[in-house]
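Each remark here refers to the structure printed beneath this line.
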Amino acid sequence: LPDGRYVLISITDQGVGIHEDNIPRIFDPYFTTKDSGKGLGLATVYSIVKNHDGHITVYSATGAGTTFTIYLPAAESGAVESMVYEAITEAVKGKILVMDDEEVIREIAGEILEFLGYEVEFAGDGSEAVDLYKKARESGHPFIAMIMDLTIPGGMGGKETLQILREFDENITAIASSGYSNDPIMADYKRYGFSGVITKPYMVSELEKILNEVLVRTVT
């Protein structure tokens, strides 16, 4: 950490502890030792601390509990001005549709989006996404954005799905998603009608950033 004043937060438990072989991996996204775990909890903590220019450490011994220590830069003045986009997007928090053929990707995206304060629904392919989008509009509780996988084996991908959706909603906010950064749509997404892009696997900070960017445009 750079020289300066920091706030130190220390959290200690008296649990079973973390095995020494696992300690180097506990902040890795999707790493978990729990049967029902998603491996996003500590990855989220790490992302938040790093995004605030802080640092987090861990000490643990099997059978002797665990201590996490967090260092955050201390404010030099009383009030810290919030970024405008945060206030704007807070006002437009709503429902997001995630379209992806892989269940684990849908689950991870759902965990992140719910953590960020959004409602989430899922579609496994383009046909299901179109049906859900239409039903949401008709119910008066439409989706404020969509995250759409570009490649759906045996089904309709993001490009084709967006073309159909734009026939009855020209103002749709859609984010193209792919694990292939060299996809031509990822390089020139506006040409295909998308509002932004995000690569897989998803990171909390990256998903939050792109949603803030595209949703700000809808209200400014």
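The values are calculated or read from the model by the stated rules, or taken from the named source; none is laboratory data. All of these numbers come straight from a predicted model, not from anything done at the bench. Using ideal geometry, Cβ is built from the backbone for each residue, glycine included, and neighbour counts are taken over all protein chains shown. Surface accessibility is based on the protein's heavy atoms, side chains included, excluding ligands, DNA and RNA. Shrake-Rupley method; radii C 1.70, N 1.55, O 1.52, S 1.80 Å.
Please enumerate the residues belonging to the stretch 104-131 that are aliphatic (A, V, I, L, M), buried (at least 16 other Cβ atoms within 10 Å of the Cβ) and more than 10 Å from the chain's Cα centre (by Cα). Before you say what the answer is, go through the steps one by one.
Filtering the stretch 104-131 for residues aliphatic (A, V, I, L, M) gives 104-105, 108-109, 112-113, 116, 120, 123, 129-130.
Narrowing the set further to residues that are buried (at least 16 other Cβ atoms within 10 Å of the Cβ) leaves 105, 108-109, 112-113, 116, 120, 123, 129-130.
Hits for the stretch 104-131 are ILE105, VAL120, ALA123, ALA129, VAL130.
What tally of residues in the stretch 176-185 results from selecting those that are of a type in the set (A, V, I, L, M) and under 18 Å from the mean Cα position of the chain (by Cα)?
Taking the stretch 176-185 first, the residues of a type in the set (A, V, I, L, M) are 176, 185.
Those left that are additionally under 18 Å from the mean Cα position of the chain (by Cα): 176.
Of the residues in the stretch 176-185, 1 are of a type in the set (A, V, I, L, M) and under 18 Å from the mean Cα position of the chain (by Cα).
(1) among the acidic types (Asp, Glu); (2) open to solvent by 90 Å² or more (accessible area, probe 1.4 Å); (3) closer than 25 Å to GLU206 by Cα; (4) at pLDDT below 85: which one isn't true of GLU86, the others all being true?
Only one criterion in (1) among the acidic types (Asp, Glu); (2) open to solvent by 90 Å² or more (accessible area, probe 1.4 Å); (3) closer than 25 Å to GLU206 by Cα; (4) at pLDDT below 85 is unmet by GLU86, namely (2).
What's the number of the condition THR161 fails, among (1) surrounded by fewer than 16 Cβ atoms within 10 Å (Cβ to Cβ); (2) in contact (Cβ under 8 Å) with a residue 24 or more places away in the chain; (3) within 24 Å of VAL216 (Cα to Cα); (4) not charged (D, E, K, R)?
(1)
Take the residues of the stretch 134-148 that are open to solvent by less than 10 Å² (accessible area, probe 1.4 Å) and not small (Gly, Ala, Ser): which is nearest to the chain's Cα centre (by Cα)?
At the first step, the residues of the stretch 134-148 found to be open to solvent by less than 10 Å² (accessible area, probe 1.4 Å) are 136, 145-148.
Narrowing the set further to residues that are not small (Gly, Ala, Ser) leaves 146-148.
Working: MET146: 13, ILE147: 11, MET148: 14 Å.
Ranking the qualifying residues of the stretch 134-148, first place goes to ILE147.
Which of (1) over 24 Å from the mean Cα position of the chain (by Cα); (2) among the polar types (S, T, N, Q); (3) at pLDDT below 90 does SER47 not meet, given it meets every other one?
Among (1) over 24 Å from the mean Cα position of the chain (by Cα); (2) among the polar types (S, T, N, Q); (3) at pLDDT below 90, SER47 violates only (1).
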